[in-house]
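The values are calculated or read from the model by the stated rules, or taken from the named source; none is laboratory data. Source: prediction; values computed, not measured. Note that we place each Cβ from the backbone using ideal geometry, even for glycine, and neighbour counts take in every protein chain shown.
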Amino acid sequence: MEAATAMLVNPSAIERVHTGIPGLDHVLEGGFPKGARVLVAGGAGCGKTIYCGQYLYKGATRYGEPGVYVTTEEPPQEFRSNMLRFGWDFKRLEAEKKIGIIDAVYQRVESELAEQESLQAILYNLRSKLAEVKSLVEQIGATRLVVDSLPGFGFRVTDLNTLREIFLEIGLLLKDVGCTTLMTTEIVEGSGLISRYGIEEFLATGVMVLSLVKQGSPLRKVFVRKMRGTSHSLNDFAFSIGRDGVAIKGPIGVRSVSGGRRRPHSSNGRGKR
Ligand SMILES: Nc1ncnc2c1ncn2[C@@H]1O[C@H](COP(=O)(O)OP(=O)(O)OP(=O)(O)O)[C@@H](O)[C@H]1O
Ligand SMILES: [Mg+2]
């Protein structure tokens with residue numbers, strides 16, 4: 001009903017996918033653009049995996065949208081038990097075919113061996129893992145996909161050309177399956193980059209940067225750096241990680257209009273809140 005109304009108001013409106021994160025849809029004109037590939041970048045422990053888990057869990061339970069989680073970092077069992085801390089029972093959703101999990105942790109071991117292997121051998125292994133992802137997406141009719149993390153696919157690979165080929169293959173799969181995708185990458189402090197290798201962002205139609213600032217009391221922040229087709233705020237937003245997961249608290253340093261201060265800037269120069 002809401003979507004139909006939006007279409008009447010704006011015929012070119014882009015279909016939105018709810019993020020499942022309280023407050024974030026509002027920052028993104030209703031959610032991620034359908035089919036977007038969003039890089040979730042941040043330092044260690046910033047909350048990347050929790051954002052992604054919440055996106056999938058809420059998608060499957062609240063919006064009837066199945067999802068696939070590809071892990072290259074923590075083994076599936078670790079991910080399941082970390083998510084259970086928020087009451088998100090992934091095991092049950094897997095049994096109900098609403099969630100699929102692909103264990104790509106072994107890919108790290110493969111790429112460790114890859115130092116001596118030819119590019120062709122690396123790509124052969126990668127393609128078979130990506131085919132597994134595609135098949136699971138089709139099997140459960142997933143429209144949401146998470147790759148956590150992208151650099152995990154290039155673990156111990158030092159040659160930049162090989163890394164480019166790896167990310168190119170992943171990019172092709174993501175376009176092929178057409179899911180609305182979140183991909184995590186790590187920001188190395190002091191590197192001045194927004195991703196581990198400075199390549200990952202080229203796969204993305206959107207970039208969200210998470211950070212944890214420790215000046216006095218610790219503060220978790222998220223900043224939407226780019227989101228194609230979306231007039232989004234360029235403000236930092238404070239967020240919390242609590243018993244129910246992640247929630248956006250509000251723009252930092254800017255009060256609401258009723259609070260008497262100026263509105264936060266949005267990418268098109270107009271205030272959004
Ligand atoms: N149940 C919880 N309640 C509150 N905060 C939590 C809870 N579980 C984890 N956290 C916080 O979230 C952080 C981990 O979040 P998450 O695993 O999403 O980070 P990440 O960015 O994926 O880290 P990594 O770079 O290691 O993959 C912890 O370091 C902790 O600060
Ligand atoms: Mg993580």
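Here is how the numbers come out for the structure above:
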{"item": "Residue match in the range 14-35 (condition: within 16 Å of ligand 1 (Cβ to nearest atom), polar (S, T, N, Q), out of contact with any His (no Cβ under 8 Å at 6 or more places or on another chain) and in contact (Cβ under 8 Å) with a residue 60 or more places away in the chain)", "result": "no"}
{"item": "Qualifying positions in the range 85-102 - under 16 Å from Ile50 (Cα atoms), away from ligand 2 (no atom under 16 Å from the Cβ) and buried (at least 17 other Cβ atoms within 10 Å of the Cβ)", "result": "Ile99"}
{"item": "Residue count, the range 43-56 (criterion: under 20 Å from Gly198 (Cα atoms) and more than 9 Å from ligand 2 (Cβ to nearest atom))", "result": "1"}
{"item": "Residue list for the range 54-84, restricted to those being of a type in the set (S, T, N, Q) and under 17 Å from Glu132 (Cβ atoms)", "result": "Thr71, Thr72"}
{"item": "Matching option when the condition is within 26 Å of Phe167 (Cα to Cα), assigned to a loop (DSSP other than H, G, I, E, B) and either modelled with pLDDT of 95 or more or among the hydrophobic types (A, V, I, L, M, F, W, C) (or both), among Ala142, Ala131, Ala114, Ala121", "result": "Ala142"}
{"item": "Any hit, the range 138-146, residues being within 16 Å of ligand 1 (Cβ to nearest atom), within 17 Å of Val68 (Cα to Cα) and in contact (Cβ under 8 Å) with a residue 12 or more places away in the chain", "result": "yes"}
{"item": "Residue selected from the range 57-84 under the condition over 17 Å from Thr143 (Cβ atoms), of a type in the set (A, V, I, L, M, F, W, C) and within 15 Å of ligand 2 (Cβ to nearest atom), by the criterion surrounded by the most Cβ atoms within 10 Å (Cβ to Cβ)", "result": "Met83"}
{"item": "Matching residues, the range 90-104, being more than 13 Å from Lys58 (Cβ to Cβ) and either within 16 Å of ligand 1 (Cβ to nearest atom) or under 18 Å from the mean Cα position of the chain (by Cα) (or both)", "result": "Gly100, Ile101, Ile102, Asp103, Ala104"}
{"item": "Every residue from the range 25-49 that is aliphatic (A, V, I, L, M) and within 13 Å of the chain's Cα centre (by Cα)", "result": "Ala36, Val38, Leu39, Val40, Ala41"}
{"item": "Condition met for Val213 (within 13 Å of Cys46 (Cβ to Cβ), modelled with pLDDT of 95 or more and touching a Leu at 6+ places or on another chain (Cβ under 9 Å))", "result": "no"}
{"item": "Positions within the range 170-194 being surrounded by fewer than 16 Cβ atoms within 10 Å (Cβ to Cβ) and charged (D, E, K, R), in sequence order", "result": "Lys175, Asp176, Glu189"}
{"item": "Any hit, the range 44-51, residues being touching a residue at least 60 places away in the same chain (Cβ under 8 Å), of a type in the set (Phe, Trp, Tyr), within 14 Å of ligand 1 (Cβ to nearest atom) and more than 22 Å from Leu219 (Cβ to Cβ)", "result": "no"}
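Condition check ((1) of a type in the set (Gly, Ala, Ser); (2) surrounded by 19 or more Cβ atoms within 10 Å (Cβ to Cβ); (3) within 12 Å of ligand 1 (Cβ to nearest atom)) across all residues:
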residue	(1), (2), (3)
Arg196	no, yes, yes
Phe202	no, no, no
Val213	no, no, no
Ser217	yes, no, no
Thr230	no, yes, no
